[in-house]
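Visitor: Below is one structure. I have some questions about it.
The values are calculated or read from the model by the stated rules, or taken from the named source; none is laboratory data. Just so it is clear, the model here is predicted, and its values are computed rather than measured. Don't worry about glycine lacking a Cβ; one is built from the backbone with ideal geometry, like all the others, and counts go over all protein chains shown.
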């Protein structure tokens, strides 16, 4: 969460190549450190490395979608859903025949593969942020296209029920003001509308606050969805026990598989269905939490298959909220500021997960005492 919180302040100054290298190097380091760990401290260092890799990777790849077609959000979301499902299944399969240490060493091929795909397979835009010769650290506007002489106007973001209607509106001014005019308004455009999808601008503080204000509702609802979702996963899964069926360990594994399946299915759905009212998912996930909590206390659900469906449904709600939130951000943000908006929005799910983690410990302890 810390990485995602501070990343929008500086990460735009880093070249994408460097960010991807850091992501892969930290992931590779985490697998190696944990596999050879001989102490709790060493294991924590490996876990911290994995967390940093995840944070930098999320911010980098989501902000990168600003340079691609909007379908990239769907592809990214679907990939993250598949990663959870395939990761859980492959780890379970490998550890059934190999030791966890050997399994982690085998998994090191994943960050290496990611690096190879990025540099040799991904068709990157013709933009300075993707050029090898570009400096790792750069000034705010080094990536912008050359501005037409005498260009002046106002850049605005509009909201519409039809995502295809979003565009950058230009308002001609009577005076001709150049880029270097320090008195120019923050609302004036830095780039013309031509090829604006590739002309990303790091906004001023005033524009940052305006963007965050516009996105606040979406981000709060996503945080709430993940808060209730991870409260269920971290404190209730192990206590949702059914007798006269499969073992408790198998029940827990199936909960995880079904949850990840729901996430994968729903995160792959944005090209088929777009949901604008993401607040509905927050309410439904809160009801899901109440349902699971009361089941732990009163055990009124008669069959584990009903709980399997509820867990699958829980994963679907989380995935729908995630993919539709970022899809709307990409649609509703001024094209020149999409990179910043996408990078800033990554903090929302982490906030919900972090607060859920803090609450999950005392909640689980209370439920265990209640059962005695």
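Visitor: Can you name every residue in segment 203-228 that is more than 28 Å from residue 13 (Cα to Cα) and within 15 Å of the chain's Cα centre (by Cα)?
Guide: Passing the criteria: 221, 224, 225, 226, 227.
For every residue, the table says whether it meets (1) within 20 Å of residue 62 (Cβ to Cβ); (2) surrounded by fewer than 18 Cβ atoms within 10 Å (Cβ to Cβ); (3) not assigned by TED's automatic domain parsing to the domain that holds residue 364.
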{"position": "265", "(1), (2), (3)": "no, yes, no"}
{"position": "272", "(1), (2), (3)": "no, yes, no"}
{"position": "278", "(1), (2), (3)": "yes, no, no"}
{"position": "285", "(1), (2), (3)": "no, no, no"}
{"position": "302", "(1), (2), (3)": "no, yes, no"}
{"position": "305", "(1), (2), (3)": "no, yes, no"}
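Here is a yes/no grid of residues against (1) within 20 Å of residue 70 (Cα to Cα); (2) buried (at least 18 other Cβ atoms within 10 Å of the Cβ):
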residue: 298; (1), (2): no, no
residue: 311; (1), (2): no, yes
residue: 314; (1), (2): no, yes
residue: 320; (1), (2): yes, yes
residue: 326; (1), (2): yes, yes
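Visitor: Here is a further query. Kindly establish whether residue 283 is under 30 Å from residue 74 (Cα atoms) and either at pLDDT 95 or above or part of a loop (DSSP other than H, G, I, E, B) (or both).
Guide: Judged against the criteria, residue 283 is a match.
Visitor: Somewhere in segment 317-338, is a residue in the same structural domain as residue 268 (by TED's automatic domain parsing), outside any helix (DSSP H, G or I) and more than 12 Å from the chain's Cα centre (by Cα)?
Guide: There is at least one residue in segment 317-338 that is in the same structural domain as residue 268 (by TED's automatic domain parsing), outside any helix (DSSP H, G or I) and more than 12 Å from the chain's Cα centre (by Cα).
Visitor: Say we look at segment 263-280 and pick out the residues that are free of Cβ contacts under 8 Å to residues at least 24 places away in the same chain and outside any helix (DSSP H, G or I); which of these is farthest from residue 225 (Cα to Cα)? Walk me through how you get there before you give the answer.
Guide: Of all residues in segment 263-280, those free of Cβ contacts under 8 Å to residues at least 24 places away in the same chain come to 272-273, 277, 280.
If we keep only those that are outside any helix (DSSP H, G or I) as well, we get 272-273, 277.
Working: 272: 21, 273: 19, 277: 13 Å.
Ranking the candidates gives 272 first.
Visitor: Can you tell me how many residues within segment 291-316 are free of Cβ contacts under 8 Å to residues at least 40 places away in the same chain and part of a helix (DSSP H, G or I)?
Guide: 7
Visitor: Could you figure out which of (1) without any contact (Cβ under 8 Å) to a residue 40 or more places away in the chain; (2) farther than 17 Å from residue 229 by Cβ isn't true of residue 368?
Guide: Residue 368 satisfies all of (1) without any contact (Cβ under 8 Å) to a residue 40 or more places away in the chain; (2) farther than 17 Å from residue 229 by Cβ except (1).
Visitor: Kindly list the number of the only condition in (1) buried (at least 17 other Cβ atoms within 10 Å of the Cβ); (2) at pLDDT below 90; (3) assigned by TED's automatic domain parsing to the domain that holds residue 297 that fails for residue 190.
Guide: Unmet condition: (3).
Visitor: Yes or no: residue 288 part of a helix (DSSP H, G or I), farther than 19 Å from residue 4 by Cα and at pLDDT below 95?
Guide: no
Visitor: Do the conditions hold for residue 222, that is, is it under 27 Å from residue 69 (Cβ atoms), modelled with pLDDT under 90 and in a helix (DSSP H, G or I)?
Guide: no
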